[in-house]
Amino acid sequence: MLNNKLNNNISFQFPRHLRHGEQGCLQNDSCPPPGGPLTEYRNKATFDWKRLKIYIEGETACKRMQELYSSLLSNAEFNCDHDELSTDQLLHRNYRRYKSTFKIIPAFQDRLKIIQESFRDFRTLIMIDCGLFLKRSLSCEIPSHLLYTAKRDTTEDIKKLAEGKFHCCMALTEVGHGSNLLALQTSATYDKNYDSFVLQTPSIEAWKCWAGNLGTCATHAMVLAQLYTPDGNCHGLHWFFTPIRDPRTMQPYPGVLVGNMGKKIGFNSLDNGFMAFTDYHIPRKALINNISDVMPDGKYITTEPNPRKRFAAVASNLNYTRLGVVMLSVTCLKKGIVIAIRYAAVRKQFGPTSTSAETTLLEYPLHQWRLMPYLSACFVLGVTMDSFINKKLDYYNKLYSSKNSEPMGSTLASLYLMTISLKAISTTTVRDGLQQARECCGGHGYLKCTAGIGDLRNDSDSFLTLEGDNNVLLLQINKLLIGAYQKKMEGKDIEIEFGLHDFLNNMNQTLKTKCDNTNNLTSPRGILEAYNWLICYLLAETLSKLNQEIETGSSIIDAFNTTHTYHGKSLAIVFSEFLIIRCYFDVLTTNQPPKDCAPVLLDLGMLYAFWSLERHLIYFCKGNYFPANSGIEAIRNNVSTLCLRIKNESIALVDAIAPPDEILNSVLGSSDGQIYKRLVSYFLTGGKNLQRPHWWKEMLPESIMMSSNL
Ligand SMILES: Cc1cc2nc3c(=O)[nH]c(=O)nc-3n(C[C@H](O)[C@H](O)[C@H](O)COP(=O)(O)OP(=O)(O)OC[C@H]3O[C@@H](n4cnc5c(N)ncnc54)[C@H](O)[C@@H]3O)c2cc1C
């Protein structure tokens, strides 16, 4: 949470070089000299990074983060080393760490606390391992969150999850369907003779799969299944808290076939599993009955008779997990960018002449252009994410103030749009940013253990498709925008907020506006006006294309799919970027930063905005928004100028977002900047890299083998 009430007495986990009197961590080596190679850039900063950190995180969160890092670092389970582990060792370590997290971060206690505190506290877990955060979320927090909404006493189940007596997972995806949840086939049919639901997997396509923590560890699964009443009616998807393994033996119950899916590209500290049910009975109370319930006589009752809205309410819990993915993305991006920028400030290649001193990578404009926008993304997406979380908190505050669990339509729709927009943009940014970071570290960036970027990249790759595939989410954003336009035309109310009314009311007027003077662009207002125009332009283009398709005989669905590729998708991306950029500048306006931090925060926002706008130049040209296309040069010049300016602030900026060195665990990214000493020290670690292979004899020429007693 942003907070500008500064308290300079807070003690931070300072980067190693700033901790007074502390010794360095290189084996057989002395402490890095005071300052070290990063000092020159640190001294160039025009602001105090500690003040910036407090502004961004909030004072309480900074203190809490400091406490958490200290606790994590003093617990041997959380030691980050460079050892290569097998999949089984990774799973085991993650389980032990998971158990230990409860000593440091208490489990779910009440509905609001989980959201407020977990989002703050769990960032520290992500800094250690994405899989640790996911295990904690899937095994305990998310299911507890759902159980809490049930209109029956679930205290005992929640307690057992928190005490580690139960371990849960979220079982939505099936072999045949992931994105299209409505087509899931697993059924839960109420049997009034036994007062229980019977879970059934009707086909191989209906096998549950991919659920994290299910493979070997889960005793329970929160199963998403189609609810049938004895009269044969299907009432759509509902959650069922389902026991699947005996917690005393960890063996599956009869009727449950469950197992591990095997090794993945990343995230191997988490066991993703598959599961099928055969006539498997679970008690009636297993149904999460916040919106709907089944009576002992088999009668279905619900507070939301509209099936579409009922599904939206059931699926609304995914918003919570999507924000978790955003948090994972922003945290992974921060780690990767810290490493690449510190490396770039030390690494030198080439110089003006063959005899002159070589130039640090950070001084090359191309290198600045490759890294600074992603640094700006760390701040813009981070600040926006916090603001979204607060909005979500407000929603839950209202929703659960009297344990009234009926979701509020228009706020829910707005939160949904906000969350999927941020999810789609942040996960794509982390994919590209980590790849850029890895390449910016050159060959050394390819070392798995020492650089630390490869694992981040592999883990975060999955964010693109999980919790809603990005392309599918962009389709939904497009549909929501077109739907809002159509409703407006029909004079109906629009459920979604975000100034959509203003957009649609002023669309014709906005489309007539031009940016006559590119100097106007250099303020948040000018940027938002450009976005405003862009959204209206793309909305008009998409609608016109859609109408053309329909006039030539396409069905609405086909027309929509056809126009999405080149029109609707861009509209969805542009609208999502607009939401993010506007939110960031709103926060800077409503919560004034400290004086020394304000200019750099503004620069970061402007860089992010110009860099994002640059990807849409084609539409500005097509729509003649700028006179004689002058905007192209203006936008590019602004990107370059801001990259250059932020370059001098960049080491202090990464100090403000970096975790302690022991947790960053990157030879290339340490705060002392001793990349070569640490690299060589790693080469020599434990002498294991100096050994000949145990199969060395196989390499000998046959003659030597024959003539020796080897
Ligand atoms: C590491 C990991 C962890 C996971 N954890 C869980 C978990 O805990 N619980 C759980 O239930 N699931 C989990 N999943 C599954 C995940 O949620 C699904 O993979 C995701 O929902 C996407 O569904 P899908 O794989 O069926 O892809 P599909 O829906 O089959 O999509 C495949 C491709 O088709 C495209 N596509 C789909 N529909 C359209 C359309 N209408 N128009 C154009 N293109 C389209 C998509 O963009 C995508 O590129 C996990 C997955 C991974 C990789």
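The values are calculated or read from the model by the stated rules, or taken from the named source; none is laboratory data. Note that the coordinates shown come from a computational prediction; the quantities given were computed from them, not determined experimentally. Note that we place each Cβ from the backbone using ideal geometry, even for glycine, and neighbour counts take in every protein chain shown.
Could you tell me which of the residues Gln592, Gln548 is assigned to a helix (DSSP H, G or I) and either in the same structural domain as Ile389 (by the TED database) or modelled with pLDDT under 95 (or both)? Let's see the steps before the verdict.
On the way: Gln592 fails: assigned to a helix (DSSP H, G or I).
Only one candidate passes the filter, namely Gln548.
If the requirement is being under 34 Å from the mean Cα position of the chain (by Cα), within 16 Å of the ligand (Cβ to nearest atom) and at pLDDT 95 or above, which of these qualifies: Leu538, Leu571?
On the way: Leu538 fails: within 16 Å of the ligand (Cβ to nearest atom).
Checking each option against the conditions leaves just Leu571.
So, of the residues in segment 185-195 that are buried (at least 22 other Cβ atoms within 10 Å of the Cβ) and not small (Gly, Ala, Ser), which turns out to be farthest from the ligand (Cβ to nearest atom)? I'd like the intermediate steps shown before the answer.
Residues of segment 185-195 that are buried (at least 22 other Cβ atoms within 10 Å of the Cβ), as a first pass: 186, 188, 190.
Retained after the next criterion (residues that are not small (Gly, Ala, Ser)): 186, 190.
Numbers: Thr186: 11, Tyr190: 23 Å.
Of everything passing the filter in segment 185-195, Tyr190 is farthest from the ligand (Cβ to nearest atom).
Considering only segment 146-153, I want to know if a residue exists there that is assigned to a helix (DSSP H, G or I) and either at pLDDT 90 or above or under 17 Å from the mean Cα position of the chain (by Cα) (or both). Quick ask: steps written out before the conclusion?
From segment 146-153, those assigned to a helix (DSSP H, G or I) are 146-149; that's our starting set.
Pick out the ones that are also either at pLDDT 90 or above or under 17 Å from the mean Cα position of the chain (by Cα) (or both) and you get 146-147.
Yes: segment 146-153 contains one or more residues that are assigned to a helix (DSSP H, G or I) and either at pLDDT 90 or above or under 17 Å from the mean Cα position of the chain (by Cα) (or both).
Taking segment 196-208 as the search range and keeping residues that are over 24 Å from Leu138 (Cβ atoms) and within 16 Å of the ligand (Cβ to nearest atom), which one is surrounded by the most Cβ atoms within 10 Å (Cβ to Cβ)?
Looking at the filtered set, the residue picked out is Ser203.
Listed here are the residues, each with its yes/no results for (1) polar (S, T, N, Q); (2) more than 12 Å from the ligand (Cβ to nearest atom); (3) more than 23 Å from His145 (Cβ to Cβ); (4) in contact with a Cys (Cβ under 9 Å, 6 or more places away or on another chain).
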position	(1), (2), (3), (4)
Gly176	no, no, yes, no
Trp210	no, no, no, no
Asn213	yes, no, no, yes
Leu227	no, yes, no, yes
Thr249	yes, yes, yes, no
